[in-house]
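One structure is given here, and the rest of the page talks about it.
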Amino acid sequence: MQQYGLENVRNIVLLSHSGAGKTSLGEAILFTAGAIKRLGEVDEGTTISDYDPDEVKRKISISLSLLPCEWKETKINLVDTPGYSDFVGEVKSAMRVSEGAVLVVCATSGVEVGTEQVWGYCEEADLPRLILVNKMDRENADFRRTVEGIQSKLGSKCQPLQLPIGAQNSFQGVIDLMTMKSYAGSPSREAEIPAEMKDQVDSFRGQLIEAIAGVDDRLIEKYLNDEEISLEELQHGLRDAAVNGKIVPILAGSALQNIGITSLLDAVYDYLPSPKEREVVIGDTAKKSTEKIEPSQDAPLAALVFKTSADPYVGKLTYFRVYNGSIESNSHVWNATKNETERIGQLFIMRGKTQEPVSQLRAGDIGVVAKLNVTGTGDTLSSQDKPVQITPVVFPEPIFDTAVYPKTKDDLDKLGAALSRMTEEDPTLRVHRELDTGETILSGVGETQLAVAADKMSRKFGVGVELKTPGVPYKETITVATKAEYKHKKQTGGHGQYGHVLMEIAPLPRDSGVEFVAKVVGGRIPRNYIPAVEKGVNEAVQEGVLAGYPVVDIKATVYDGSYHPVDSSEICFKIAGAQAMKKGFSQGQPILLEPVMNMKVTVPDNFTGDIIADLNTKRAQVQGMNPGGGINIIEAQVPLAEVQRYAIDLKSITQGRGSYTVEFSHYEEVPAHIIEKIAAERQAKKG
Ligand SMILES: Nc1nc2c(ncn2[C@@H]2O[C@H](COP(=O)(O)OP(=O)(O)OP(=O)(O)O)[C@@H](O)[C@H]2O)c(=O)[nH]1
Ligand SMILES: [Mg+2]
């Protein structure tokens, strides 16, 4: 097995708006580098990266996948990511373990919302990157227009390193503005620079050299003095600038036609950093401090787990990135996050779904191991003598809830286990049981993610489920104090039934629950029957009279009654207690309460009006706005019933440019005109 030194590795994440061509590009790269013999296609479901049946079915990537290959004796670990915004968790994981990114932009649609989003993530993470203008072969493909869009939306530090030769169905290849060499065809061959492109090439080359000199102290003087700058100096300058994020080179190509891929691989090798060039921040668990270290393959082990996947056949797979030292097959390591020893079996490198066994993985590399016991996503594997922790990936909080209903009794039995496997695999999924409605709630980033989760549960674990909008946990209460009397009296054959209760029912402040007090004097209800009365009350408050929701925030006081020495029994007093409670509740001018949420909606300024207008149709109370830097954060209180599908509304209002958080605030009275509708829905659900 070939071992790679730190400087001979590139961990590169592919990022873009959905559909720009990352998966196709990954395929073309593997093919060009000789890692695969046949070029698969997304539309035929034959790519190495989109191997999962859910990906094949939907023709989009859903999970990150590893696509290692070798180029110029350097191991390139490509990580393909999903572009669909629901799967941002996978993008964050993939970025965390990469030193560089290739951002794919479509040559016809240009910079889209998703492009700006991943660009933002790269800026946040300080991730060096290249941009590939892909789909140069497509109808309407336009390199110059796309570059203008990139420079105006992402900044002028994005500079063409290449020019395409031809476009659309005459797209043939690319010209490298540094080496002034041109490559055409598939497989790529060196070609002449077309004579008619000479002026254009000179002008773009001039801009590139100016940009490089502008960020390089050594070159700027030469440049200003009109001295000759050698190719080597320029390449050195561009490498520094790209690694430090001062210049983002723009390339051109077609993943589908496999054109420009050789040059892209060269650019990844030339201009993106190796693991040696990025410091690693590690926390010393013993000293409780963090330090930045230069990674080394001879140091004690530090490896970060960035993904786990559950599979009924191969079991649990744990994906990790080695930052320091090395890890061996069939060894023991120390899980410094859980403070436990973990047994490591056979190590693998993965290419799509294919596993290739390896005996060792060294710093810089990415690998997989099966069937770990205690280790989960975010954990650090290290050595017990020198336990360290690497900062884990920070995942977004789930905002979209759905209720999970098993289809059959058998599905119900297996549901819990399947859900816990799903949440282990995807850290942006959470599950909890809503006591008030009795529903199992699965929360995530968006609707598609949850639909995919349901498909996966059925396919992987044989658990059929239906997803529904969760029930709103309404409550009922009263607004005025009232008195009620109930006498339960029956004479049937032998001895009869008798229980008699007088009760006062009063409203309590919000969040008080149900209080029961007995103030009966002179033994008018014997003490041993009081618990039965309380039981009756507790049963009656399970379902209010308005819409059948639980009753809260009331105080029930039994203050009088009577009994019969022979006919009275516990059951009779229970019935009397329950009926008195129901009667009193009806008389107390009952109201329905609903949960109200605190929401923070973050959108670009120009959407503020649309957001407010939409919130106004949702019975929201806008509490404040915090504009700044072109972005506005709108704070509002909104009834839960109105915002259960807000993720979808927000996406359509802002074309995906907005985000929000939501949390429970308090219960509030439901306006009278809505109660009837809620009661009817409740009735229908029960029926
Ligand atoms: N004409 C043309 N079509 C392309 C090219 N690259 C990709 N496509 C097509 O664009 C569509 C989307 O390609 P993918 O590779 O799945 O894009 P992606 O970025 O991986 O998409 P997500 O996984 O959803 O983020 C497919 O139909 C591809 O065949 C290209 O260079 N030229
Ligand atoms: Mg894809």
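Please treat every number below as a calculation from the coordinates, not as lab data. All values derive from a computational prediction rather than experimental measurement. Ideal geometry is used to build each Cβ from the backbone, glycine not excepted, and the neighbour counts take in all protein chains shown.
Provide the packing ranking of 23-29, 292-298, 127-133, 589-595, i.e. peptides ordered by the mean count of other C-beta atoms within 10 Å per residue, highest first.
So the peptides 23-29, 292-298, 127-133, 589-595, ranked by packing, come out 23-29, 127-133, 589-595, 292-298.
Rounded to the nearest 10 degrees, the angle from helix 672-686 to the longest Cα principal axis of the chain is 90 degrees. Full extension of the chain between Thr492 and Thr469 yields a length gain of 3.4 nm, computed as 0.36 nm times the residue separation minus the alpha carbon distance. Diffusion coefficient of segment 535-604 by Stokes-Einstein, Kirkwood radius over Cα pairs, 20 °C, 1.002 mPa s: 147 µm²/s. For segment 581-596, backbone phi angles converted through the Karplus equation (6.51, -1.76, 1.60; θ = phi - 60°) give residue-by-residue couplings of 4, 4, 4, x, 4, 5, 7, x, 6, x, 9, 9, 10, 10, x, 10 Hz, Gly and Pro being listed as x. Using C-alpha pairs under 8 Å with a sequence gap of at least 6, the mean separation divided by the residue count of segment 233-277 gives a relative contact order of 40 percent.
Helix 198-214 and the longest principal axis of the C-alpha atoms of the chain enclose an angle of approximately 70°. Taking each residue as 0.36 nm, the span from Asp126 to Gln384 lengthens on full extension beyond its C-alpha to C-alpha distance by 89.7 nm. Note on segment 93-135: Kirkwood radius taken over Cα pairs, Stokes-Einstein applied at 20 °C and 1.002 mPa s, translational D equal to 198 µm² s⁻¹.
Just to verify a number: FRET efficiency for Ser562 and Met625, C-beta to C-beta distance, R0 = 51 Å, to 0.05? Efficiency, from the Cβ-Cβ distance: 0.25. Excluding same-chain neighbours fewer than eight residues apart, the aspartates and glutamates reachable from Lys574 by a Cα-Cα span under 14 Å are Glu485, Glu534, Glu539.
Binning the C-alpha pair distances of segment 106-187 at 5 Å intervals from 0 yields a P(r) profile of 3, 14, 23, 24, 18, 12, 6, 1 %, listed from the shortest bin outward. Between Ala191 and Glu73, the contour length at 0.36 nm per residue exceeds the Cα-Cα span by 40.0 nm.
Counting pairs of alpha carbon atoms under 8 Å apart in space and at least six apart in sequence, what relative contact order in percent does the chain give? Before the final figure, lay out the partial values.
Details: 1574 pairs, mean separation 64.7, N = 687.
The value is 9 percent.
Report the FRET efficiency, 1/(1 + (r/R0)^6), for Glu635 and Ala613, where r is their Cβ-Cβ distance and R0 is 25 Å, rounded to 0.05. So, using R0 = 25 Å, E works out to roughly 0.95.
Please report the relative contact order for segment 385-460, taking Cα pairs under 8 Å with a sequence separation of at least 6, and give it as a percent rounded to a whole number.
Working: 76 pairs, mean separation 27.3, N = 76.
Answer for segment 385-460 is 36 percent.
Quick check: the angle from helix 22-32's long axis to the longest principal axis of the chain, C-alpha only, nearest 10 degrees? Once rounded, one gets 40 degrees. Panel values: segment 206-293, Kirkwood radius from alpha carbon pairs, Stokes-Einstein at 37 °C and 0.692 mPa s, translational diffusion coefficient 211 µm²/s. Multiplying each eigenvalue of the alpha-carbon gyration tensor of segment 10-62 by 5 and taking the square root yields semi-axes of 17, 14, 9 Å, largest first, rounded to whole angstroms.
Kirkwood Rh, segment 56-169, all Cα pairs: how many Å? Display every interim value, and only then the final one.
On the way: mean 1/r = 0.0651 Å⁻¹.
Result for segment 56-169, one decimal place: 15.4 Å.
Across segment 34-41, computed HN-Hα scalar couplings (Karplus, 6.51 cos²θ - 1.76 cosθ + 1.60, θ = phi - 60°) run x, 7, 9, 9, 10, 8, x, 10 Hz from first to last residue, x flagging Gly and Pro.
The three principal axes of the Cα atoms in segment 569-667 give end-to-end lengths of 72, 21, 19 Å, sorted in falling order. The orientation-averaged projected area of the convex hull spanned by the Cα atoms of segment 283-325 comes to 4.1 nm². Placing dummy labels 7 Å off each Cα toward the beta-carbon, the span from Gln151 to Leu412 is 6.6 nm.
Convex hull volume per residue, computed on the Cα atoms of segment 417-520, equals 225 Å³. In the chain, helical runs assigned H by DSSP with n ≥ 4 each contribute -39500 (n - 2.57); averaged across all residues and rounded to the nearest 500, the mean residue ellipticity at 222 nm is -9000 deg cm²/dmol.
Compute the normalised compactness of segment 353-455: alpha-carbon radius of gyration over 2.2 N^0.38 Å, N being the residue count. Intermediate values should be presented prior to the final figure.
Numbers: Rg = 17.8 Å, N = 103, 2.2 N^0.38 = 12.8 Å.
Rg over 2.2 N^0.38 Å, computed on Cα atoms: 1.39.
Pull out a ≥ b ≥ c, the square roots of the eigenvalues of the alpha-carbon gyration tensor of segment 131-245, then state rounded if a/c is under 1.5, prolate if not and a/b is larger than b/c, and oblate in the remaining case. Mind dumping the intermediate values first?
Values: a/c = 2.13, a/b = 1.52, b/c = 1.40.
Taking the square roots of the gyration eigenvalues as a ≥ b ≥ c, segment 131-245 is prolate.
Amide H contacts of Gln360 (H built 1.01 Å from N, in plane; Pro and chain starts excluded): Ser329 sit under 5 Å, all sequence-distant by 5 or more or on other chains. Per-residue Cβ neighbour counts within 10 Å put Arg362, Arg527, Arg144 in the sequence Arg527, Arg144, Arg362, beginning with the fewest. Annotation: amide H of Gly100 within the under-5 Å range of Asn11, Val13, sequence separation 5 or more or interchain, hydrogens built in the peptide plane.
With only the Cα atoms considered, the chain has a convex hull volume of 209 Å³ per residue. Label segment 171-327 by shape, choosing from rounded, prolate and oblate, from the square roots a ≥ b ≥ c of the eigenvalues of the Cα gyration tensor; if a/c is under 1.5 it is rounded, and otherwise prolate applies when a/b is larger than b/c, oblate when it is not. Judged from the Cα gyration tensor, segment 171-327 comes out oblate (a/c at least 1.5, b/c at or above a/b). As a calculated quantity, the FRET efficiency between Val314 and Lys181 at R0 = 45 Å, using C-beta atoms, amounts to about 0.50. In order along segment 487-493, phi translates into HN-Hα couplings of 10, 9, 9, 9, 10, 10, x Hz, rounded to whole numbers, per the Karplus curve 6.51 cos²θ - 1.76 cosθ + 1.60 with θ = phi - 60° and x for Gly and Pro. Pairs with C-alpha atoms separated by more than 25 Å, drawn from the list Lys59/Lys153; Lys153/Lys618; Lys153/Lys246; Lys519/Lys583; Lys92/Lys456; Lys460/Lys600, are Lys59/Lys153; Lys153/Lys618; Lys460/Lys600.
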